[in-house]
Amino acid sequence: MSDRRKHQRIRFAHPPSVRIGYGGRAGEGRIENLSLSGLMLFSPFTLVVGHVVGCEFALGRWPRLDVAARIVSHVGEFYGLRIEPGLIAPFILDEAIPGQLASGQAATLSFHTLSGKHVMRVVGGLTAVLSNDFQHALTRMGVHALDLSAVTAVDSVGLGLCRFAVAKHGATIIAQSDCFAHAWSSDVPNFIE
């Protein structure tokens, strides 16, 4: 099972705020996920699919980005946006995203097949922010193995997700980072059934 997106989405432990400009109005929202080509955000006001919105946000130590993005979808107050072509935004995002993953402030899941088994790989923070995606993968995609070699931070929810995957879904951990290995061996949380 593989992710068919051109660019991997990342989720944030603490979703960054985003200043939104649209139709002569401005407001604050938050970024739910981000990739090199788009983002999903929560908006305080109604946006119209097909229109362009201005978004200003910062990631870590990088300067604030000011990008134009076309609204391509929405569900309730959440909107999918495709970043319009520009010169600087892809460069800054390409540099800033790895830093967020390395610090554990952001995370991403990816999927691949290894020897006929579905493997879920976690990069960055294995934290509560991944709960929905992680559980969806377990229950709907049939994950057989976990590659945790690129985990840079872990919390008790992340450990609980892994214990649940192993105990209730028969997943095996095929690789783990030092960060994860330490947390896994020193914490024994209960998981909720």
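The values are calculated or read from the model by the stated rules, or taken from the named source; none is laboratory data. No experiment lies behind these values; they were computed from the predicted model shown. Neighbour counts are summed over all protein chains in view; Cβ atoms, including those assigned to glycine, are modelled from backbone coordinates with ideal geometry. Protein only, heavy atoms only, side chains kept; ligands, DNA and RNA dropped before computing areas. Shrake-Rupley method; radii C 1.70, N 1.55, O 1.52, S 1.80 Å.
Okay, here's what the table says:
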{"quantity": "Strands (runs of 3 or more DSSP E) contained entirely in segment 3-58, each with at least 2 residues that are touching a residue at least 24 places away in the same chain (Cβ under 8 Å) and either of a type outside the set (A, V, I, L, M, F, W, C) or surrounded by fewer than 13 Cβ atoms within 10 Å (Cβ to Cβ) (or both)", "calculated": "17-22, 25-34, 52-57"}
{"quantity": "Conditions (1) in a helix (DSSP H, G or I); (2) open to solvent by 60 Å² or more (accessible area, probe 1.4 Å); (3) out of contact with any Asp or Glu (no Cβ under 9 Å at 6 or more places or on another chain); (4) more than 28 Å from residue 48 (Cα to Cα): number failed by residue 132", "calculated": "(4)"}
{"quantity": "Extreme residue, nearest to residue 128 (Cα to Cα), among residues of segment 59-78 that are surrounded by fewer than 17 Cβ atoms within 10 Å (Cβ to Cβ), among the small types (Gly, Ala, Ser) and touching a residue at least 24 places away in the same chain (Cβ under 8 Å)", "calculated": "60"}
{"quantity": "Filter pass, residue 94 being surrounded by 14 or more Cβ atoms within 10 Å (Cβ to Cβ) and charged (D, E, K, R)", "calculated": "no"}
{"quantity": "Residues (open to solvent by 10 Å² or more (accessible area, probe 1.4 Å), in a helix (DSSP H, G or I) and at pLDDT 90 or above) located in segment 136-160", "calculated": "156, 157, 160"}
{"quantity": "Checking residue 81 against (1) touching a residue at least 40 places away in the same chain (Cβ under 8 Å); (2) touching a His at 6+ places or on another chain (Cβ under 9 Å); (3) in a strand (DSSP E or B); (4) not acidic (Asp, Glu), the condition it does not meet", "calculated": "(2)"}
{"quantity": "Verdict on residue 86 being under 25 Å from residue 133 (Cβ atoms) and either modelled with pLDDT under 90 or surrounded by 19 or more Cβ atoms within 10 Å (Cβ to Cβ) (or both)", "calculated": "no"}
